[in-house]
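Student: Next up is a structure, given as C-alpha coordinates.
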Amino acid sequence: MSALEQRLQSALDSRASRQMLRALDPSPPSSSTLVDFSSNDYLSFSRSTVLRQKLVDVVNDDATPLYGPPSSRLLDGNTPLHASLERRLAAFFAAPSALLFNSGFDANVGLWTCLPGPDDWIIFDALVHASMHDGMRASRVPRQRRRAFRHNRVESLERVLVDIVERDVGVRKGEKSVWVGVESLYSMDGDLAPLPDMVEVLERLLPRGNGHMVVDEAHSSGLYGPRGRGLVSALELERRITVRVHTFGKAMACSGAAVLASPLIRHFLVNYARPLIYSTVSTHLSALAVSKSLEMLEEGKSDEPAAHVHALAVRLVSRLSSLLPPASSVSLPPHLSSIITSSSTATAAPHPPTSPIVPLLTPSPRPLAAFLRTRGFLARPITYPTVPRGEERLRVCLHAGNTQREVDGLCEAVAEWVRRGERGVGHDELVALRSAEPLQAKL
Ligand SMILES: Cc1ncc(COP(=O)(O)O)c(C=O)c1O
(Lines give C-alpha, C1' and ligand atoms only; values in the text may rest on other atoms or scores of the structure.)
Protein backbone atom coordinates (compact mmCIF):
# COMPACT_ATOMS: atom_id res chain seq x y z
CA MET A 1 0.00 0.00 0.00
CA SER A 2 1.28 3.47 -0.84
CA ALA A 3 1.47 6.09 1.88
CA LEU A 4 -1.64 7.70 0.42
CA GLU A 5 -3.60 4.46 0.43
CA GLN A 6 -2.53 3.73 3.99
CA ARG A 7 -3.67 7.13 5.16
CA LEU A 8 -7.04 6.88 3.43
CA GLN A 9 -7.64 3.31 4.58
CA SER A 10 -6.73 4.10 8.16
CA ALA A 11 -9.14 7.05 8.24
CA LEU A 12 -11.91 4.81 6.92
CA ASP A 13 -11.01 2.03 9.39
CA SER A 14 -11.16 4.52 12.21
CA ARG A 15 -14.64 5.63 11.10
CA ALA A 16 -15.75 2.03 10.81
CA SER A 17 -14.48 1.21 14.32
CA ARG A 18 -16.57 4.11 15.66
CA GLN A 19 -19.64 2.95 13.71
CA MET A 20 -19.45 6.10 11.64
CA LEU A 21 -18.65 4.73 8.21
CA ARG A 22 -20.79 6.16 5.44
CA ALA A 23 -21.67 4.21 2.31
CA LEU A 24 -23.97 4.55 -0.65
CA ASP A 25 -27.24 2.66 -0.32
CA PRO A 26 -27.58 0.16 -3.18
CA SER A 27 -31.38 0.19 -2.92
CA PRO A 28 -32.69 3.74 -2.41
CA PRO A 29 -36.49 4.18 -2.29
CA SER A 30 -36.75 4.97 -6.00
CA SER A 31 -35.40 1.52 -6.89
CA SER A 32 -36.79 -0.60 -4.09
CA THR A 33 -40.14 -2.07 -3.25
CA LEU A 34 -39.99 -0.82 0.32
CA VAL A 35 -42.50 1.81 1.35
CA ASP A 36 -40.67 5.14 1.27
CA PHE A 37 -40.54 6.73 4.70
CA SER A 38 -37.11 8.08 3.95
CA SER A 39 -36.73 10.40 0.98
CA ASN A 40 -37.37 14.14 0.90
CA ASP A 41 -39.93 13.67 -1.87
CA TYR A 42 -42.54 15.10 0.49
CA LEU A 43 -45.17 15.89 -2.14
CA SER A 44 -44.38 12.71 -4.10
CA PHE A 45 -43.77 14.93 -7.13
CA SER A 46 -41.11 12.49 -8.35
CA ARG A 47 -43.95 10.04 -9.03
CA SER A 48 -46.53 12.54 -10.24
CA THR A 49 -47.85 11.64 -13.69
CA VAL A 50 -49.20 15.17 -14.07
CA LEU A 51 -45.78 16.69 -13.48
CA ARG A 52 -44.12 14.11 -15.69
CA GLN A 53 -46.51 14.90 -18.53
CA LYS A 54 -45.86 18.61 -18.20
CA LEU A 55 -42.15 18.00 -18.71
CA VAL A 56 -42.63 15.41 -21.46
CA ASP A 57 -44.80 17.85 -23.43
CA VAL A 58 -42.23 20.58 -23.40
CA VAL A 59 -39.32 18.21 -24.00
CA ASN A 60 -41.07 16.78 -27.06
CA ASP A 61 -41.25 20.18 -28.63
CA ASP A 62 -38.33 20.17 -31.08
CA ALA A 63 -37.75 23.85 -30.54
CA THR A 64 -36.95 23.31 -26.86
CA PRO A 65 -33.22 23.23 -26.12
CA LEU A 66 -32.41 20.54 -23.55
CA TYR A 67 -28.66 20.17 -23.27
CA GLY A 68 -26.28 22.98 -22.40
CA PRO A 69 -25.51 25.77 -22.13
CA PRO A 70 -21.98 24.57 -21.37
CA SER A 71 -21.00 27.80 -19.72
CA SER A 72 -21.09 29.70 -16.49
CA ARG A 73 -24.17 31.87 -15.99
CA LEU A 74 -21.87 34.87 -16.22
CA LEU A 75 -20.48 33.99 -19.62
CA ASP A 76 -22.84 32.37 -22.12
CA GLY A 77 -25.18 30.80 -19.57
CA ASN A 78 -27.72 33.53 -18.93
CA THR A 79 -30.42 31.97 -21.09
CA PRO A 80 -33.96 33.38 -21.40
CA LEU A 81 -35.18 30.21 -19.69
CA HIS A 82 -33.02 30.76 -16.59
CA ALA A 83 -33.84 34.46 -16.48
CA SER A 84 -37.58 33.92 -16.83
CA LEU A 85 -37.52 31.16 -14.22
CA GLU A 86 -35.98 33.61 -11.78
CA ARG A 87 -38.66 36.19 -12.51
CA ARG A 88 -41.38 33.63 -11.90
CA LEU A 89 -39.73 32.45 -8.69
CA ALA A 90 -39.49 36.02 -7.41
CA ALA A 91 -43.15 36.67 -8.25
CA PHE A 92 -44.34 33.39 -6.74
CA PHE A 93 -42.45 33.82 -3.47
CA ALA A 94 -43.30 37.54 -3.25
CA ALA A 95 -39.63 38.47 -3.26
CA PRO A 96 -37.98 41.47 -4.91
CA SER A 97 -35.65 39.20 -6.89
CA ALA A 98 -34.40 35.63 -7.20
CA LEU A 99 -31.05 34.14 -8.16
CA LEU A 100 -30.60 30.51 -9.20
CA PHE A 101 -27.88 28.27 -7.82
CA ASN A 102 -27.08 24.71 -8.87
CA SER A 103 -27.86 23.36 -5.40
CA GLY A 104 -28.95 24.46 -1.97
CA PHE A 105 -25.45 23.65 -0.82
CA ASP A 106 -23.98 26.06 -3.36
CA ALA A 107 -26.51 28.72 -2.45
CA ASN A 108 -25.70 28.58 1.25
CA VAL A 109 -21.96 28.41 0.76
CA GLY A 110 -22.11 31.19 -1.81
CA LEU A 111 -24.16 33.64 0.19
CA TRP A 112 -22.68 33.00 3.64
CA THR A 113 -19.14 33.26 2.30
CA CYS A 114 -19.55 36.69 0.79
CA LEU A 115 -22.47 38.62 2.34
CA PRO A 116 -21.21 39.20 5.91
CA GLY A 117 -18.45 41.81 6.01
CA PRO A 118 -15.20 41.34 7.97
CA ASP A 119 -16.46 43.47 10.89
CA ASP A 120 -19.90 41.86 11.05
CA TRP A 121 -21.21 39.20 13.42
CA ILE A 122 -22.82 35.87 12.54
CA ILE A 123 -25.26 34.09 14.85
CA PHE A 124 -26.71 30.73 13.96
CA ASP A 125 -28.98 28.05 15.32
CA ALA A 126 -26.87 25.19 16.69
CA LEU A 127 -28.55 22.75 14.29
CA VAL A 128 -28.23 24.53 10.97
CA HIS A 129 -27.19 22.57 7.90
CA ALA A 130 -23.57 21.75 7.04
CA SER A 131 -23.69 24.02 3.97
CA MET A 132 -24.34 27.06 6.17
CA HIS A 133 -21.49 26.08 8.45
CA ASP A 134 -19.15 25.75 5.49
CA GLY A 135 -20.17 29.16 4.16
CA MET A 136 -19.85 30.84 7.55
CA ARG A 137 -16.42 29.30 8.12
CA ALA A 138 -15.26 30.47 4.71
CA SER A 139 -16.60 33.99 5.34
CA ARG A 140 -14.44 36.94 6.38
CA VAL A 141 -16.02 36.95 9.84
CA PRO A 142 -13.46 35.57 12.31
CA ARG A 143 -14.37 32.66 14.55
CA GLN A 144 -14.80 34.73 17.70
CA ARG A 145 -17.55 36.69 15.97
CA ARG A 146 -19.48 33.61 14.87
CA ARG A 147 -21.78 32.48 17.67
CA ALA A 148 -24.26 29.62 17.99
CA PHE A 149 -27.48 29.83 19.98
CA ARG A 150 -29.43 26.89 21.37
CA HIS A 151 -31.64 25.20 18.85
CA ASN A 152 -34.90 27.10 18.37
CA ARG A 153 -34.50 28.90 21.73
CA VAL A 154 -35.44 32.53 21.34
CA GLU A 155 -34.09 33.38 24.80
CA SER A 156 -30.72 31.95 23.81
CA LEU A 157 -30.71 34.01 20.61
CA GLU A 158 -31.61 37.04 22.70
CA ARG A 159 -28.77 36.40 25.18
CA VAL A 160 -26.20 36.14 22.42
CA LEU A 161 -27.54 39.27 20.76
CA VAL A 162 -27.55 41.29 23.99
CA ASP A 163 -23.94 40.30 24.58
CA ILE A 164 -22.96 41.42 21.07
CA VAL A 165 -24.80 44.72 21.40
CA GLU A 166 -23.10 45.41 24.75
CA ARG A 167 -19.64 44.57 23.44
CA ASP A 168 -19.66 46.23 20.06
CA VAL A 169 -20.32 49.93 19.70
CA GLY A 170 -20.30 49.53 15.91
CA VAL A 171 -23.29 47.22 16.19
CA ARG A 172 -25.05 49.65 18.53
CA LYS A 173 -24.49 52.48 16.09
CA GLY A 174 -25.82 50.36 13.24
CA GLU A 175 -22.48 50.45 11.40
CA LYS A 176 -21.89 46.70 11.56
CA SER A 177 -24.40 44.04 10.65
CA VAL A 178 -25.48 40.99 12.61
CA TRP A 179 -26.47 38.03 10.42
CA VAL A 180 -28.74 35.38 11.88
CA GLY A 181 -28.89 31.99 10.14
CA VAL A 182 -31.77 29.58 10.73
CA GLU A 183 -33.80 26.95 8.91
CA SER A 184 -37.57 27.14 8.88
CA LEU A 185 -37.98 23.36 9.30
CA TYR A 186 -35.15 21.29 10.75
CA SER A 187 -34.45 18.09 8.89
CA MET A 188 -33.36 15.93 11.81
CA ASP A 189 -35.93 17.09 14.37
CA GLY A 190 -38.87 18.05 12.21
CA ASP A 191 -39.50 21.15 14.29
CA LEU A 192 -40.29 24.63 13.02
CA ALA A 193 -38.30 27.73 13.89
CA PRO A 194 -40.18 30.32 15.98
CA LEU A 195 -39.60 32.89 13.26
CA PRO A 196 -41.95 35.68 14.44
CA ASP A 197 -40.35 35.76 17.91
CA MET A 198 -36.86 35.65 16.42
CA VAL A 199 -37.58 38.53 14.07
CA GLU A 200 -39.12 40.49 16.95
CA VAL A 201 -36.01 40.04 19.12
CA LEU A 202 -33.70 41.00 16.27
CA GLU A 203 -35.64 44.14 15.41
CA ARG A 204 -36.00 45.16 19.06
CA LEU A 205 -32.31 44.76 19.91
CA LEU A 206 -31.07 46.19 16.63
CA PRO A 207 -33.52 49.01 15.96
CA ARG A 208 -31.25 50.60 13.36
CA GLY A 209 -32.06 47.81 10.93
CA ASN A 210 -28.63 46.16 10.99
CA GLY A 211 -29.93 42.73 11.98
CA HIS A 212 -30.42 40.39 9.02
CA MET A 213 -32.20 37.07 9.10
CA VAL A 214 -31.29 34.41 6.55
CA VAL A 215 -33.85 31.62 6.44
CA ASP A 216 -33.19 28.32 4.70
CA GLU A 217 -36.56 26.93 3.59
CA ALA A 218 -35.16 23.71 2.08
CA HIS A 219 -37.59 21.46 3.93
CA SER A 220 -40.59 23.79 4.11
CA SER A 221 -40.95 24.70 0.43
CA GLY A 222 -44.16 23.23 -0.93
CA LEU A 223 -45.54 22.32 2.50
CA TYR A 224 -46.37 25.58 4.26
CA GLY A 225 -47.87 28.87 3.23
CA PRO A 226 -50.27 29.63 0.41
CA ARG A 227 -49.57 27.22 -2.46
CA GLY A 228 -46.44 25.98 -0.70
CA ARG A 229 -44.61 29.30 -0.65
CA GLY A 230 -42.87 28.34 2.59
CA LEU A 231 -43.01 29.22 6.26
CA VAL A 232 -41.87 32.83 5.84
CA SER A 233 -44.81 33.45 3.51
CA ALA A 234 -47.20 31.58 5.79
CA LEU A 235 -46.23 34.00 8.54
CA GLU A 236 -46.21 37.02 6.22
CA LEU A 237 -42.63 37.81 7.16
CA GLU A 238 -41.31 38.28 3.62
CA ARG A 239 -40.36 41.91 4.15
CA ARG A 240 -38.64 41.31 7.48
CA ILE A 241 -36.34 38.51 6.32
CA THR A 242 -33.28 39.68 4.36
CA VAL A 243 -32.56 36.43 2.52
CA ARG A 244 -34.55 33.26 1.89
CA VAL A 245 -33.21 30.09 0.33
CA HIS A 246 -35.64 27.71 -1.36
CA THR A 247 -34.19 24.48 -2.68
CA PHE A 248 -35.69 22.40 -5.47
CA GLY A 249 -34.30 19.04 -4.42
CA LYS A 250 -36.91 18.09 -1.85
CA ALA A 251 -40.65 18.70 -2.27
CA MET A 252 -40.10 19.94 -5.82
CA ALA A 253 -38.25 16.73 -6.78
CA CYS A 254 -35.68 18.52 -8.94
CA SER A 255 -32.30 20.00 -8.08
CA GLY A 256 -30.99 23.50 -7.56
CA ALA A 257 -32.03 26.43 -5.40
CA ALA A 258 -33.11 30.05 -5.47
CA VAL A 259 -31.84 32.81 -3.24
CA LEU A 260 -34.58 35.38 -2.69
CA ALA A 261 -33.36 38.84 -1.72
CA SER A 262 -33.18 42.48 -2.80
CA PRO A 263 -31.85 43.32 -6.27
CA LEU A 264 -28.78 44.83 -4.58
CA ILE A 265 -27.98 41.58 -2.77
CA ARG A 266 -28.63 39.66 -5.98
CA HIS A 267 -26.24 41.91 -7.88
CA PHE A 268 -23.63 41.48 -5.14
CA LEU A 269 -23.97 37.68 -5.27
CA VAL A 270 -23.59 37.71 -9.06
CA ASN A 271 -20.26 39.44 -8.45
CA TYR A 272 -18.98 37.61 -5.39
CA ALA A 273 -20.70 34.23 -4.91
CA ARG A 274 -18.05 31.85 -6.16
CA PRO A 275 -20.20 28.70 -6.60
CA LEU A 276 -22.30 30.76 -9.03
CA ILE A 277 -19.44 32.48 -10.84
CA TYR A 278 -17.10 29.53 -11.28
CA SER A 279 -19.56 26.78 -12.12
CA THR A 280 -21.52 25.74 -15.21
CA VAL A 281 -25.12 26.88 -15.13
CA SER A 282 -27.78 24.15 -14.78
CA THR A 283 -28.84 22.56 -18.07
CA HIS A 284 -31.94 23.64 -19.94
CA LEU A 285 -33.46 20.30 -19.03
CA SER A 286 -32.87 20.89 -15.34
CA ALA A 287 -34.27 24.43 -15.51
CA LEU A 288 -37.31 23.11 -17.40
CA ALA A 289 -37.89 20.49 -14.72
CA VAL A 290 -37.81 23.18 -12.03
CA SER A 291 -40.06 25.38 -14.09
CA LYS A 292 -42.68 22.59 -14.37
CA SER A 293 -42.47 21.82 -10.66
CA LEU A 294 -42.97 25.48 -9.94
CA GLU A 295 -45.97 25.43 -12.28
CA MET A 296 -47.50 22.71 -10.10
CA LEU A 297 -47.20 25.03 -7.09
CA GLU A 298 -48.46 28.04 -9.03
CA GLU A 299 -51.53 26.05 -10.11
CA GLY A 300 -52.26 24.98 -6.55
CA LYS A 301 -51.46 21.34 -7.29
CA SER A 302 -49.47 21.04 -4.10
CA ASP A 303 -52.36 22.05 -1.83
CA GLU A 304 -53.98 18.67 -1.55
CA PRO A 305 -50.76 16.63 -1.31
CA ALA A 306 -49.43 18.99 1.36
CA ALA A 307 -52.66 18.73 3.37
CA HIS A 308 -52.47 14.93 3.11
CA VAL A 309 -48.88 14.92 4.43
CA HIS A 310 -49.90 17.03 7.44
CA ALA A 311 -52.88 14.77 8.10
CA LEU A 312 -50.59 11.72 7.96
CA ALA A 313 -48.25 13.40 10.44
CA VAL A 314 -51.11 13.88 12.91
CA ARG A 315 -52.12 10.24 12.41
CA LEU A 316 -48.59 8.93 12.87
CA VAL A 317 -47.97 10.94 16.03
CA SER A 318 -51.35 10.11 17.59
CA ARG A 319 -51.11 6.40 16.85
CA LEU A 320 -47.58 6.11 18.13
CA SER A 321 -48.48 8.06 21.24
CA SER A 322 -51.18 5.56 22.03
CA LEU A 323 -49.24 2.45 20.99
CA LEU A 324 -45.92 3.13 22.69
CA PRO A 325 -45.87 2.41 26.41
CA PRO A 326 -44.38 5.04 28.70
CA ALA A 327 -40.59 4.78 29.10
CA SER A 328 -40.32 2.48 26.11
CA SER A 329 -37.19 2.13 23.99
CA VAL A 330 -38.80 4.34 21.35
CA SER A 331 -40.29 7.73 22.13
CA LEU A 332 -41.47 10.86 20.40
CA PRO A 333 -39.65 14.13 21.05
CA PRO A 334 -41.50 16.54 23.37
CA HIS A 335 -42.39 19.06 20.65
CA LEU A 336 -44.57 16.41 19.01
CA SER A 337 -46.71 15.59 22.00
CA SER A 338 -48.29 19.05 21.81
CA ILE A 339 -49.33 18.46 18.20
CA ILE A 340 -52.20 16.13 18.90
CA THR A 341 -53.65 18.35 21.58
CA SER A 342 -52.62 21.64 20.01
CA SER A 343 -55.22 24.27 19.37
CA SER A 344 -53.03 25.49 16.50
CA THR A 345 -54.57 22.78 14.37
CA ALA A 346 -57.46 25.23 14.22
CA THR A 347 -58.04 26.53 10.72
CA ALA A 348 -57.24 30.09 11.82
CA ALA A 349 -53.59 29.18 12.50
CA PRO A 350 -51.22 30.54 9.85
CA HIS A 351 -49.81 27.09 9.16
CA PRO A 352 -50.17 23.50 10.35
CA PRO A 353 -48.10 22.69 13.45
CA THR A 354 -47.08 19.36 11.91
CA SER A 355 -44.20 18.50 9.64
CA PRO A 356 -43.41 15.63 7.29
CA ILE A 357 -40.40 14.75 9.43
CA VAL A 358 -41.11 12.68 12.54
CA PRO A 359 -38.09 11.54 14.54
CA LEU A 360 -38.49 8.45 16.74
CA LEU A 361 -35.94 8.69 19.52
CA THR A 362 -34.28 5.38 20.32
CA PRO A 363 -30.83 4.28 21.40
CA SER A 364 -31.03 1.50 18.77
CA PRO A 365 -32.00 3.18 15.51
CA ARG A 366 -30.13 0.75 13.26
CA PRO A 367 -31.73 -2.45 14.57
CA LEU A 368 -35.10 -0.72 14.45
CA ALA A 369 -34.53 0.38 10.84
CA ALA A 370 -33.44 -3.14 9.92
CA PHE A 371 -36.51 -4.62 11.58
CA LEU A 372 -38.77 -2.21 9.71
CA ARG A 373 -37.13 -3.27 6.43
CA THR A 374 -38.22 -6.79 7.15
CA ARG A 375 -41.76 -5.44 7.43
CA GLY A 376 -41.45 -3.58 4.13
CA PHE A 377 -40.72 -0.04 5.39
CA LEU A 378 -37.73 2.13 4.64
CA ALA A 379 -36.85 4.69 7.32
CA ARG A 380 -33.33 5.80 8.14
CA PRO A 381 -31.36 5.52 11.34
CA ILE A 382 -29.68 8.78 12.26
CA THR A 383 -26.72 8.55 14.59
CA TYR A 384 -23.69 10.53 15.76
CA PRO A 385 -22.20 12.76 14.36
CA THR A 386 -25.28 13.79 12.39
CA VAL A 387 -27.06 14.18 15.73
CA PRO A 388 -25.37 14.47 19.17
CA ARG A 389 -24.61 11.27 21.06
CA GLY A 390 -27.60 10.20 23.12
CA GLU A 391 -30.00 11.71 20.58
CA GLU A 392 -29.95 8.86 18.08
CA ARG A 393 -33.18 8.38 16.22
CA LEU A 394 -35.04 6.76 13.43
CA ARG A 395 -36.25 9.45 11.08
CA VAL A 396 -39.61 8.96 9.44
CA CYS A 397 -40.31 11.16 6.42
CA LEU A 398 -43.89 11.29 5.24
CA HIS A 399 -44.98 11.77 1.66
CA ALA A 400 -48.16 12.60 -0.18
CA GLY A 401 -47.91 9.17 -1.79
CA ASN A 402 -48.03 7.38 1.56
CA THR A 403 -51.39 5.96 2.56
CA GLN A 404 -53.04 5.90 5.97
CA ARG A 405 -52.67 2.13 5.85
CA GLU A 406 -48.94 2.38 5.35
CA VAL A 407 -48.66 4.77 8.26
CA ASP A 408 -50.72 2.44 10.44
CA GLY A 409 -48.55 -0.49 9.35
CA LEU A 410 -45.41 1.42 10.25
CA CYS A 411 -46.79 2.26 13.70
CA GLU A 412 -47.74 -1.39 14.30
CA ALA A 413 -44.27 -2.52 13.25
CA VAL A 414 -42.56 -0.03 15.58
CA ALA A 415 -44.81 -1.16 18.43
CA GLU A 416 -44.07 -4.80 17.65
CA TRP A 417 -40.33 -4.14 17.78
CA VAL A 418 -40.74 -2.42 21.13
CA ARG A 419 -42.84 -5.32 22.49
CA ARG A 420 -40.27 -7.89 21.42
CA GLY A 421 -37.46 -5.95 23.02
CA GLU A 422 -34.56 -6.06 20.65
CA ARG A 423 -34.44 -9.84 20.86
CA GLY A 424 -36.51 -12.61 19.43
CA VAL A 425 -35.62 -11.69 15.89
CA GLY A 426 -35.78 -14.47 13.31
CA HIS A 427 -33.02 -15.58 10.94
CA ASP A 428 -34.08 -13.41 8.00
CA GLU A 429 -34.34 -10.46 10.25
CA LEU A 430 -30.87 -11.13 11.64
CA VAL A 431 -29.48 -11.10 8.12
CA ALA A 432 -31.20 -7.79 7.56
CA LEU A 433 -29.88 -6.49 10.88
CA ARG A 434 -26.35 -7.31 9.81
CA SER A 435 -26.80 -5.45 6.59
CA ALA A 436 -28.38 -2.50 8.38
CA GLU A 437 -27.57 0.56 6.39
CA PRO A 438 -24.73 2.72 7.54
CA LEU A 439 -24.94 6.16 8.96
CA GLN A 440 -26.66 8.65 6.72
CA ALA A 441 -25.19 12.01 6.06
CA LYS A 442 -27.33 14.91 7.14
CA LEU A 443 -29.74 15.44 4.28
C1 LIG B 1 -31.53 22.70 5.38
C2 LIG B 1 -30.81 22.35 4.12
N3 LIG B 1 -30.22 23.31 3.42
C4 LIG B 1 -29.56 23.04 2.28
C5 LIG B 1 -29.45 21.76 1.81
C6 LIG B 1 -28.69 21.50 0.56
O7 LIG B 1 -29.57 21.55 -0.51
P8 LIG B 1 -29.24 20.72 -1.83
O9 LIG B 1 -29.57 19.31 -1.56
O10 LIG B 1 -30.07 21.37 -2.88
O11 LIG B 1 -27.77 20.90 -2.09
C12 LIG B 1 -30.07 20.71 2.52
C13 LIG B 1 -30.05 19.32 2.12
O14 LIG B 1 -29.62 18.77 1.29
C15 LIG B 1 -30.75 21.02 3.71
O16 LIG B 1 -31.35 20.05 4.43
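The values are calculated or read from the model by the stated rules, or taken from the named source; none is laboratory data. Not measured: the values here are computed from a predicted model. Virtual Cβ from ideal backbone geometry, glycine too; neighbours counted across all protein chains shown. Accessible surface areas use protein heavy atoms only, side chains included; no ligands, DNA or RNA. Shrake-Rupley method; radii C 1.70, N 1.55, O 1.52, S 1.80 Å.
Student: For segment 98-143, evaluate the Debye formula with one uniform point scatterer on each Cα (no solvent term) and list log10 I(q)/I(0) at q = 0.19, 0.20, 0.28 Å⁻¹, rounded to two decimals.
Tutor: For segment 98-143 at q = 0.19, 0.20, 0.28 Å⁻¹, log10 I(q)/I(0) is -0.55, -0.61, -1.03.
Student: Continuing with this model, one more query. Could you give log10 I(q)/I(0) at q = 0.08, 0.10 Å⁻¹ for the chain, computed by the Debye formula over C-alpha point scatterers of equal weight, without solvent?
Tutor: Values, matching the q order: -0.49, -0.77.
Student: Taking the dipole about the Cα centre of segment 54-298, with the C-beta of Lys and Arg at +1 and of Asp and Glu at -1, give me whichever of Ala193, Gly68, Val214 is farthest to the positive side.
Tutor: Val214
Student: Next question, about the same structure. Hey, got a sec? Which GluC sites (Glu not before Pro) in segment 95-202 land in a DSSP loop and have at most 14 other Cβ atoms within 10 Å?
Tutor: Glu175
Student: Taking a ≥ b ≥ c as the square roots of the eigenvalues of the Cα gyration tensor of segment 122-250, is the shape rounded (a/c under 1.5), prolate (a/b larger than b/c) or oblate?
Tutor: Prolate, because a/c is 1.5 or more and a/b exceeds b/c.
Student: Take each of the peptides 46-53, 187-194, average the number of other beta-carbon atoms within 10 Å over its residues, and list them starting from the highest.
Tutor: 187-194, 46-53
Student: Right, next: Over segment 202-289, what per residue volume does the convex hull of the Cα atoms give, in whole Å³? Numbers along the way, then the final one.
Tutor: Values: hull volume 9.9 nm³, N = 88.
Hull volume normalised by residue count: 113 Å³.
Student: Assuming R0 = 51 Å, what is the FRET efficiency of Asp62 and Arg419, from their Cβ-Cβ distance, to the nearest 0.05?
Tutor: The computed FRET efficiency comes out at 0.25.
Student: Let me confirm the definition first: pairs of Lys residues in the chain, 8 or more apart or on different chains, C-alpha distance under 20 Å. How many are there? Intermediate values should be presented prior to the final figure.
Tutor: On the way: Lys54/Lys250; Lys54/Lys292; Lys54/Lys301; Lys250/Lys292; Lys250/Lys301; Lys250/Lys442; Lys292/Lys301.
Close lysine pairs under the 20 Å cut-off: 7.
Student: With only alpha-carbon atoms counted, please give the Rg and Dmax of segment 239-339, in Å.
Tutor: 20.0, 57
Student: With N denoting the number of residues in segment 21-169, provide Rg(C-alpha) divided by 2.2 N^0.38 Å, to two decimal places.
Tutor: So the Cα radius of gyration is 1.43 times the expected 2.2 N^0.38 Å.
Student: For the chain, give the percent of accessible area contributed by carbon and sulfur heavy atoms, probe 1.4 Å, rounded to a whole number.
Tutor: 53 percent
Student: Starting with the highest mean, order 28-39, 300-311 by the number of other Cβ atoms within 10 Å, averaged over the residues of each peptide. Let's see the in-between values first.
Tutor: Values: 28-39: 16.7, 300-311: 18.3.
In decreasing order of mean packing, 28-39, 300-311 become 300-311, 28-39.
Student: Before anything else, pin down the relative contact order of the chain: Cα pairs under 8 Å, at least 6 apart, normalised by residue count, whole percent.
Tutor: Relative contact order for the chain comes out at 22 percent.
Student: Hey, rough spin-label estimate for Ser31 and Glu298, points 7 angstrom out along Cα→Cβ, what's it come to in nanometres?
Tutor: Inter-label distance under the simple model: 3.5 nm.
Student: Okay, next question. Would you kindly compute the Cα radius of gyration of segment 324-421 and its largest Cα-Cα separation (Dmax), both in Å?
Tutor: Using the Cα atoms of segment 324-421, the pair Rg, Dmax is 14.2, 43 Å.
Student: Right, next: Would you compute, from DSSP H runs of 4+ residues alone, the mean residue ellipticity of the chain at 222 nm, taking -39500 (n - 2.57) per run and dividing by the full residue count, rounded to the nearest 500?
Tutor: Calculated from helices alone, the mean residue ellipticity at 222 nm is -12500 deg cm²/dmol.
Student: Could you sort the peptides 356-364, 327-335 by per-residue average Cβ neighbour count (10 Å cutoff), highest mean leading?
Tutor: Descending mean neighbour count gives 356-364, 327-335.
Student: Still on this structure, I have one more. Under a GNM of the chain (C-alpha, springs under 10 Å), which listed residue has the highest mean-square fluctuation: Met136, Met252, Met198?
Tutor: Met198
Student: Please work out how much length the chain gains when fully extended from Arg239 to Ser71, using 0.36 nm per residue of separation minus the C-alpha to C-alpha distance, in nm with one decimal.
Tutor: On the way: separation 168, 0.36 × 168 = 60.48 nm, distance 3.38 nm.
Net length gain for the segment: 57.1 nm.
Student: For segment 1-48 and segment 374-425, what is the separation of their C-alpha centers, rounded to whole Å?
Tutor: 18 Å
Student: For segment 54-298, calculate the relative contact order in percent as a whole number, restricting contacts to Cα pairs under 8 Å that are 6 or more residues apart.
Tutor: 29 percent.
Student: Let me ask something else about it. Would you mind calculating the relative contact order of segment 182-262 from Cα pairs under 8 angstrom and at least 6 residues apart, reporting the percent as a whole number?
Tutor: 25 percent
Student: From the phi of every residue in segment 17-29, what ³J(HN,Hα) in whole Hz does the Karplus formula 6.51 cos²θ - 1.76 cosθ + 1.60 yield, where θ is phi - 60° and glycine or proline is x?
Tutor: Working through the residues one at a time gives 5, 9, 6, 10, 6, 9, 8, 7, 6, x, 10, x, x Hz.
Student: To two decimal places, what compactness ratio does segment 54-298 give when its Cα radius of gyration is scaled by 2.2 N^0.38 Å?
Tutor: 1.02
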